[in-house]
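> Take a look at this one; I'll ask things after.
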Amino acid sequence: MLLTCPYCGPRDVSEFTYQGDGNRQRPAPNSQDLQAWNEYVYDRQNPAGDHNEIWQHSGGCRSHIRVIRNTVSHVTSSTVPVRGAVHHRSTERRKPGAKA
Amino acid sequence: MAEYSALSLLRNALSGNKDWKPAWRKPDPKASYDVVIVGGGGHGLATAYYLAKEHGITNVAVVEKGYLGSGNVGRNTTAVRSNYLLPPNTRFYEHSMKLWENLSHDLNYNVMFSQRGVLNLAHTPAQFDDYARRGNSMRHQGVDAELMSVAEIKRLMPAIDVSASARFPIFGGLMQPRAGTARHDAVAWGYARGADRRGVDILENCEVTGFLRDGDRVTGIVTTRGEIRARKVALAAAGSTGRVMQLAGIDRLPIESHVLQAFVSESLKPFLDTVVTFGMGHFYMGQSDKGGLIYGGDLDGYNSYAQRGNLPIVEEVMAEMLALFPSLASVRMLRSWAGVCDMSMDGSPIITTGPLPGMYLNCGWCYGGFKATPASGFCFAHTIARDEPHDLNAAFTLDRFHRGAVIDEKGQGATPRLH
């Protein structure tokens, strides 16, 4: 299986480390919502089909990437840097003009 | 349906083996049953067998999307053991071991259970101490365990490399002498025949496509062979658990489906009369009665429903085999295949009522489901018949993750690919 690193191009899967389900939403660090924490840690969608997942190119550029991969055919339809998505979420949370 | 006996063997041998009857019927689905079991693997068939035998519930159907033995019950590497550390696991798997010891007699079907021992190799003093701790825990609970020295290991398996110059020199090992192997197809066929002759309908090529609901309550299943109503719907779908549960509207579970590969070599003369596991990676090997070495290693490491694996693991498994047995370098691999494993978040199974009314769930077997087959069926049948768990599976609930009562044998945390 090949994964296409957005920085390095197509590489063998053995260069990557699997970091699991990318749909999980980590609660805010100060959240005391136990249900949300439990769901984040333990509950998975586990689809047979397209799966949104996080990999790290640990044997290469070490970037974290978000991959949409079909769990039946292993066809990947998208690989993008995770950083973009994380940045996007954090700007949504902040009020305009607030300190970072 | 004839009993198997020396006499029937002789009679059929003399008549050209033309009079053997099918071991189970091929009935059409009835409109309704007391219990429908989804999944005709080892666990589903064993559940049907013990429902009939222990609880007198015989109006039961087992639905299987393929043919019997097409899933993990025919794909595993056949090891049977009960060498666990944590009491809920030790008790459960030891009960399974006791059922295994009498299974051929109980089923009147030779499952070729062979108590040839399972040996875990240790490669460092710390690992050896850890094994001693597990062995002590096992012996406290009445399970057999013996520490072995390097000299004893070398005597048991002469081909193993015990030299100090090995990549990971062997320090000792933990042996469970009563552990061993069984013929996996025979387990499926034996339970199928035993359930069938007690009145259970086994419906092959019957895939579940939906659930019948009355509000929250599950009242039956929709299949490729029509609708089947049932008072109780029990799921034993292993790697397909997520897929089936999504049909019931449950889209999150503490389960990930991963793929595990297995390999068999060409036939050799007797080479290894025990099952051995490597302690510095993930590798295990035994030899079948036909002579092939049956071996495997780690999961591929990412979610998969593919029933086929990738090459990096093939290379890793071969490398680990040669680290232990350098003389196998010239032996050819005959076949490789893979099965989809329902990896739970703590490495331990789930046998429970629910999560919906009218539904019962059996899953989370990781890659150790085969040895559990008898106890899983026994406990799941009890849970279905009595609407409450047996003592042996009371800890294997679905809500234990959210309650913080996980049974994490390996101390690995919620990382299914590492259990």
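> Taking the Cβ of B:GLY242 as the centre, find all other residues whose Cβ is under 13 Å away and add up their charges (Lys, Arg: +1; Asp, Glu: -1).
Spelling it out: positives minus negatives among the neighbours equals -2.
> Please compute, for peptide A:71-77, the average count of beta-carbon atoms on other protein chains lying within 10 Å of each residue's beta-carbon. Provide the component values of the computation, followed by the final result.
On the way: counts 11, 6, 2, 7, 0, 0, 0.
That average works out to 4.
> Compute the Kirkwood hydrodynamic radius of the protein assembly as shown, taking the inverse of the mean of 1/r over all pairs of distinct Cα atoms, and give it in Å to one decimal.
24.5 Å
> Here's something else I'd like to know. Tell me the Rg and the Dmax, in Å, that the Cα atoms of region B:308-383 produce.
18.1, 56
> Return the whole-Å distance between the Cα centroid of region B:313-342 and the Cα centroid of region A:1-43.
Answer, in whole Å: 30.
> Neighbour counts of other C-beta atoms within 10 Å: give me B:VAL36, B:VAL150 arranged from fewest to most.
With the fewest neighbours first, B:VAL36, B:VAL150 line up as B:VAL150, B:VAL36.
> Would you mind ranking B:THR353, B:THR181 by Cβ crowding within 10 Å, fewest neighbours first? Walk me through the intermediate numbers first.
Details: B:THR353 20, B:THR181 26.
Final ranking by Cβ density, sparse to dense: B:THR353, B:THR181.
> Can you divide the C-alpha Rg of region A:2-85 by 2.2 N^0.38 Å and report the result to two decimal places?
1.18
> In chain B, if the dipole is taken from +1 on Lys/Arg beta carbons and -1 on Asp/Glu beta carbons about the Cα centre, which of B:LEU253, B:PHE396, B:LEU51 is farthest to the positive end?
Projecting each Cα onto the dipole axis, the largest value belongs to B:LEU51.
> Okay, moving on. With a 10 Å cut-off between alpha carbons and a GNM built on chain B, which of B:GLU204, B:GLU316, B:GLU64 moves the most?
B:GLU316
> Hey, another quick one. Using the Cα centre of the protein assembly as shown as the reference point, and only Cβ charges (+1 on K/R, -1 on D/E), how large is the resulting charge dipole? Debye, rounded to the nearest 20. Mind showing how you got there, number by number?
Numbers: 56 positive and 50 negative charges, 98 e Å.
My answer is approximately 480 debye.
> Tabulate in residue order the Karplus-calculated ³J(HN,Hα) for region A:68-74, using 6.51 cos²θ - 1.76 cosθ + 1.60 with θ = phi - 60°, rounded to whole Hz; enter x for Gly and Pro.
3J(HN,Hα) across region A:68-74, in whole Hz: 9, 10, 7, 7, 9, 9, 6.
> Report, in listed order, any pair from B:LYS21/B:LYS269; B:LYS232/B:LYS410; B:LYS290/B:LYS410; B:LYS53/B:LYS371 with a Cα-Cα distance greater than 25 Å.
As for pairs spanning more than 25 Å Cα to Cα, those are B:LYS21/B:LYS269; B:LYS232/B:LYS410; B:LYS290/B:LYS410.
> Now, a different point. Springs between alpha-carbon pairs under 10 angstrom, Gaussian network model over chain B: which of B:ARG134, B:ARG308, B:ARG155 fluctuates most?
B:ARG155
> Based on other C-beta atoms within 10 Å, arrange B:HIS55, B:HIS43, B:HIS105 from fewest to most.
Values: B:HIS55 14, B:HIS43 31, B:HIS105 10.
The order, fewest Cβ neighbours first, is B:HIS105, B:HIS55, B:HIS43.
> On each of the three principal axes of the Cα atoms of chain B, give max minus min coordinate, whole Å, ordered largest first.
For chain B, the Cα extents along the three principal axes come out at 66, 62, 42 Å.
> To make sure I understand the rule: partners must be aspartates and glutamates, Cα under 13 Å from the Cα of B:LYS154, and not fewer than 8 residues away in the same chain. Which ones qualify?
Partners found: B:ASP273.
> Right, next: Provide the per-residue ³J(HN,Hα) series for region B:30-43, in order, calculated from phi with Karplus coefficients 6.51, -1.76, 1.60 and θ = phi - 60°, each as a whole number of Hz, with x at glycine and proline positions.
Ordered by residue, 3J(HN,Hα) equals 7, 6, 8, 9, 5, 9, 10, 9, 8, x, x, x, x, 5 Hz.
> Can you say what percent of the DSSP beta bridges in chain B, counting only those with both residues inside, are antiparallel? Round to 5.
70 percent
> Stokes-Einstein diffusion coefficient for region B:346-419 at 20 °C in a medium of 1.002 mPa s, Rh from the Kirkwood formula over Cα pairs: what value in µm²/s?
It comes out at roughly 169 µm²/s.
> Also: If amide hydrogens are placed 1.01 Å from N in the peptide plane, which non-local residues have theirs closer than 5 Å to the one on B:CYS341?
For B:CYS341, whose amide H was placed from the backbone, the distant partners under 5 Å are B:HIS258, B:VAL259, B:LEU260.
> What's the average, rounded to a whole number, of partner chain beta-carbon atoms within 10 Å of each residue's beta-carbon in B:297-308?
5
> Using a 10 Å cut-off around each Cβ of peptide B:251-259, what is the average number of partner chain Cβ atoms that fall inside? Numbers along the way, then the final one.
Working: counts 5, 9, 5, 7, 4, 7, 5, 3, 2.
For this peptide, the per-residue mean of nearby foreign Cβ atoms is 5.
> Between region B:57-104 and region B:127-197, what is the C-alpha centre distance in whole Å?
Each part's Cα centre sits 18 Å from the other's.
> A further question on this structure: Just to confirm a number: summing +1 for Lys and Arg and -1 for Asp and Glu over residues other than B:VAL38 whose beta-carbon lies under 10 angstrom from that of B:VAL38, what do you get? Provide the component values of the computation, followed by the final result.
Numbers: positive: B:LYS65; negative: B:GLU64, B:GLU207.
Spelling it out: positives minus negatives among the neighbours equals -1.
Throughout, read-outs are computed from the coordinates displayed, never taken from laboratory work. Since this is a predicted model, take the numbers as computed values, not measurements. Please note: Cβ atoms are built from the backbone with ideal geometry, for glycine as well, and neighbour counts cover all protein chains shown.
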